[in-house]
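Nothing in this text is a laboratory measurement; each read-out follows from the coordinates by a stated rule. Since the model is a prediction, treat every value here as computed from it, not as a measurement. Ideal geometry is used to build each Cβ from the backbone, glycine not excepted, and the neighbour counts take in all protein chains shown.
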Amino acid sequence: MRYSLITAFACILVFSGCETEIDVVIPADPTPVVYCILDQDSPVQYLRLSRSYLTDNASIPPDEPDSILFARATKVAVEEVIDGKVTKRAFFTPVDIAKDSGYFPRQEHWVYRADFIVKPETDYRLIIYIDEYDQIAYSSCYTVGNFEIINPLYSEVRYIHMLPDHNLSFYWTKSLNAAIYQLGFVMHYLEMKEDQTLEKEILIPLKSIFYLQATDNLFSYPINSTNFYNYLAETLPIDPTVLRKCMTIDAVIISGGEELGYYMRIQEAGQAFNLMDYTNIKNGIGIFSSKVLRRINGFSLTEQSIDTLAYGHATRQLNFVDRTGTRDGR
Amino acid sequence: MVVVMVVMVMVVVMVVMVMMVVMVMMVMGCRIEVMCRGDFAVAHSEVRMRGYKGVTYLIMRGLQYIVVVVVIVAVQGCDKNREPAEMQPVAYFKMMPEAGNTTTIFRFDADSVTGQGTRDNPVMVRWDWESDGTWDRMYSTGGEITHRFFKPGSYRIIMEASTITGKRDTMVIDVGIARGYSPPRPDFSMSPDSANITTEFTFDAGLSKDDEDSLDQLEFRWDFNGDQSWDTEFSRSPVIRHKYSDDYRYPVRLEARDPQQMTSVKTNILIVTRLNDRIVPVVTHECWPCTLEDTVRFDAGRSYYQDKPDARLLYSWDVWNDNLWEATLSNSPRFKVLIGHEGKTKIRLRVTDDQGLYMDYIDTVELFPLNSPPETKLVIGNRIGNTGSRFYLHLRGSGDRDDSYMDLKASWDINDDGLWESEYGGLYEIYITFSAPGKYPVTAMMTDPKNKSSMDTDTVWVVAGDHETGILEDKRGSFLPTYYGTVKIGNRWWTQSNLKYSPTSKGADWHSCSYNNNPGNYNRYGALYPHVATYSNNPVACPTGWHVPTLIEWQQLMTDLGQDATVERLMEGGRSEMHVLLAGQKDYSSTSPFTKDKFSGLGEMANFWTSKNNLTGQAYAWYVDPIRKQNRSVIVGKNYWFPIRCIKDE
């Protein structure tokens, strides 16, 4: 009974004597920041994991360089779950990556890589265990379903006409669990400079379409031809010494999962300091979702489109050759 | 006996007290929660270890909790709106079998633990097989796992269950693992694993393993051709060579034997061929793209034998790649065939040398359908006009399955003389005028690059009239715009045909229909609209810059028409140039499902919606009826669906 009274007294102190004010300047708990989009077309998956830190000024790097990344020993796993059972388990391991130019607080940088094939329309669960803080972050998503491009097709015999009087319409079937579709082209071209010829390609994203509550099984969207030329004009560098030749273009549609749809929609809202950023990571922030890509390769542009690429007002400075393979007959 | 009685009385007293406390808390609305489950587990072990002393301990501990709970409730009160307590996982797992040796693969089942969580808030488990403080198995949402202990000894297995917020519980099982003996696991490599009959193959059993014995303690024997008869005696040498005399898929068998005389067999497939990788078959075919009507000509003349340019080569061909050879061992490298099957077809070329060794190459030919003619679709934007009108005709709805629209060549015959007008050749859209009234058949033809063509004919109607006319382009809805002829009467512009606009948005306030829901009627008479279409902004019925005319605007039209405001002159081809069609109506008033859409009046009369109600909220229409000689406004029920004409904003 003596112990009971002591325990009771201690409880009274604990529950009655709490201070309700919070000290906002104490060091924050490390929060995992996760970016992982499962690529259903690839046998290799990547995950980016970093950690947040508190600062009064975002332009000032953290005191400790280590505080933007967790230790390499952090355990990251993805589980495939079918009918409530874990049927496959893959572990991500860190792989070093080259850094872009600019200031980085630490010398090494890495992302996490795992080799496994992602099944469509399947439950996947992400588990991150941070040893040094004995902390778990968790997320789950249903991967998107396969889909098909209905139009354009038959790249061997069909031409793509990219002029304002003939806006090409993409048609595609529904991708289950998808909430976003991105349409675009990949243009393959040659860059000729003196005796050197390089084969290059450029991805031309034309439209992101959100279907968060889609019920239709067939989607279509007309491509604005003007955007095609404008994007090239904004992206390719102007170099008078280079002659370019468009070879073929591939039609591309990417479908992304519901989480990615919500995430990108909020990103597109354009709020520089968006306090309500979408996350589906428990005990962390970030995104865990999936995507699948469909691509019809090898379309040719019509001769009118090639001429427009060569001499149109948007792209004439990019030095593309016209339908005759020359510029201005030279 | 006395002690037992005392204990029983104490237990009864404690149970009664617990029940009373629980009842009091329930009456007060408190949520009862399990506390300090770990302490109860300790108490349970105390009972096992100390007998009745443990029971006394348990009773005292229970009384302690009761007092604590009562004091807390008394001091803090109860909050009925408190959030549910965070889930506390309870660790438990089964091990199957419960005992075993170093050859046993144990199955651990913690599904009852992971089942305590949900997909969004899972309970995860991790495992430490040796209680060495290192978790051998990271957290998983799956509860089933297998493990094998390779060393005999005593193990303490720890399983920890955890929520993602860190609520945890553990369970421990001690198990003794005895020494076991397992048969060897033979495995071998073959080098090369596929080659022709001139090759001596090397077989290496060095991949074999045994859990208890080293490789040099194992013995091996071989069956090279899979005939179930061992071709060698047992030997400690893991490497052996063999050469085959015939091509075949040989199941090669290796048997390994350990010092305990335990044996196992492993079988691998070895492919022995007559392939000669010095032969390089090269094949081309001519047509591209090929169609069903093409005879495909293959040429393997560029095939060669490396380092032996003068080697004599023979050519065999297998259309469909079905092992039925259409041509065998021919001296000629050329071959032609009419495949006649749409889609991709595989053709196998076999190039054989003078030893009978060969190399195959699969060529794929894709045959496209026969070139189909284009589909010509002639559209006249303003079908009726006068001698001053510019008529707009286009072919933009035309298409071709095999060719791009831009590769189609357009031809026009304007005056029905059977000759294609050279000045319009190649144009997909034209503007033309006619100097005299009449009906003019216009024919357009689209020709694809393979000279297949199709034609479409429609009629332009030129009436006697002197009104100013124009064309209205409505780009809403589908890819191709809708065109309307327009006429200026007085100082206002009117459309000369009924509105053809169907909202496609699911969220639209209204939609339209064709008479009898027949698309043919839509093309000629336009659409029928509910009354809501005359005033709704979701969407607006008329194109931008135009609106549904008011009753006053209809009345002003008749005033402006003057002598032409007769029923006859209002009709199609009449001098008013309003070209009224007797489009009929739909009555939506019936509640019967069988007569819900009641259409009437086609070819008999026309009512055009006006955009205003009268003072009592009734709707007005403009009524044209050649049978009853009526041309006036009427008050109508809002249950009707009528055609709409548009008038340009002032």
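Taking other residues whose beta carbon is less than 10 angstrom from the beta carbon of B:G340, and scoring Lys, Arg as +1 and Asp, Glu as -1, yields -3. Once both labels are positioned 7 Å from their Cα atoms along Cα-to-Cβ, the gap between B:R302 and A:D41 label points is 3.0 nm.
Straight-line reach from B:K344: taking Cα to Cα under 17 Å and skipping same-chain neighbours fewer than 8 places apart, the lysines in range are B:K336.
Go ahead and run the numbers for FRET between B:V540 and B:R119, Cβ-Cβ distance against an R0 of 45 Å, rounding to 0.05.
The computed FRET efficiency comes out at 0.45.
Computed from the Cβ-Cβ distance with R0 of 51 Å, the FRET efficiency linking B:M87 to A:L218 stands at 0.70. Spatially, region B:338-375 and region B:190-209 are offset by 35 Å when compared through their Cα centroids. With both labels modelled 7 Å from their Cα along Cα-to-Cβ, the B:Q217 to A:Q196 distance reads 6.4 nm. Annotation: extensible slack from B:W420 through B:D560 equals 46.2 nm (criterion: 0.36 nm per residue apart, minus Cα-Cα distance).
3J(HN,Hα) along region A:256-267, derived from phi through the Karplus expression 6.51 cos²θ - 1.76 cosθ + 1.60 where θ = phi - 60°, amounts to x, x, 4, 5, 5, x, 5, 4, 6, 5, 5, 4 Hz, with x in place of Gly and Pro.
In this label model, B:K638 and B:E286 are separated by 7.5 nm, measuring between points 7 Å along each Cα→Cβ vector.
Evaluated with a Cβ-only charge set (Lys, Arg +1; Asp, Glu -1), region B:410-480 carries a dipole of roughly 300 debye about its Cα centre, given to the nearest 20.
Applying 1/(1 + (r/R0)^6) with R0 = 60 Å to the Cβ-Cβ distance of B:K452 and B:D310 gives a FRET efficiency near 0.75. Can you classify region A:73-206 as rounded, prolate or oblate using the Cα gyration tensor, where a ≥ b ≥ c are the square roots of its eigenvalues, rounded means a/c under 1.5, and otherwise it's prolate if a/b beats b/c and oblate if not? Judged from the Cα gyration tensor, region A:73-206 comes out oblate (a/c at least 1.5, b/c at or above a/b). The protection proxy used here, the mean number of other Cβ atoms lying within 10 Å of each residue, ranks peptides A:225-235, A:126-136 as follows, highest first: A:126-136, A:225-235.
The alpha-carbon of A:K88 sits under 14 angstrom from the alpha-carbons of these aspartates and glutamates, leaving out residues fewer than 8 places away in its chain: A:E79, A:E80, A:D115, A:D123, B:E144.
Shielding of B:111-119 by partners, i.e. mean partner chain Cβ atoms within 10 Å per residue?
Mean number of neighbouring Cβ atoms from other chains: 1.
Shape summary: chain B maps onto an equivalent ellipsoid whose semi-axes, from the alpha-carbon gyration tensor, are 84, 60, 16 Å in decreasing order. Using only the Cα atoms of region B:471-621, build the gyration tensor, take square roots of its eigenvalues as a ≥ b ≥ c, and label the shape rounded, prolate or oblate: rounded if a/c is under 1.5, else prolate if a/b is larger than b/c, else oblate. Rounded, since a/c falls under 1.5. In terms of its C-alpha gyration tensor, region B:401-512 has an oblate overall shape, because the principal axis ratio a/c (a ≥ b ≥ c, square roots of the eigenvalues) is not below 1.5 and a/b does not outweigh b/c.
Shielding by partners for B:134-144, please: the mean number of other protein chain Cβ atoms within 10 Å of each residue's Cβ. Walk me through the numbers before you get to the answer.
On the way: counts 0, 3, 0, 1, 9, 8, 6, 12, 10, 2, 2.
Whole-number average of other-chain Cβ neighbours for B:134-144 is 5.
Inter-chain Cβ neighbour count for A:158-167, averaged per residue, equals 3 (cutoff 10 Å, partner chain atoms only).
Kindly provide the helix-only [θ] at 222 nm of chain B, computed as the sum of -39,500 (n - 2.57) over DSSP H runs of four or more divided by all residues, to the nearest 500 deg cm²/dmol? Calculated at 222 nm, the ellipticity per residue is -4500 deg cm²/dmol. Summary of packing: across the peptides B:125-135, B:153-163, the per-residue average of other C-beta atoms within 10 Å ranks them, highest first, as B:153-163, B:125-135. Please tell me which of these pairs span more than 23 angstrom C-alpha to C-alpha: B:K151/B:K209; B:K377/B:K500; A:K282/B:K167; B:K94/B:K167? Over 23 Å Cα-Cα: none of the listed pairs.
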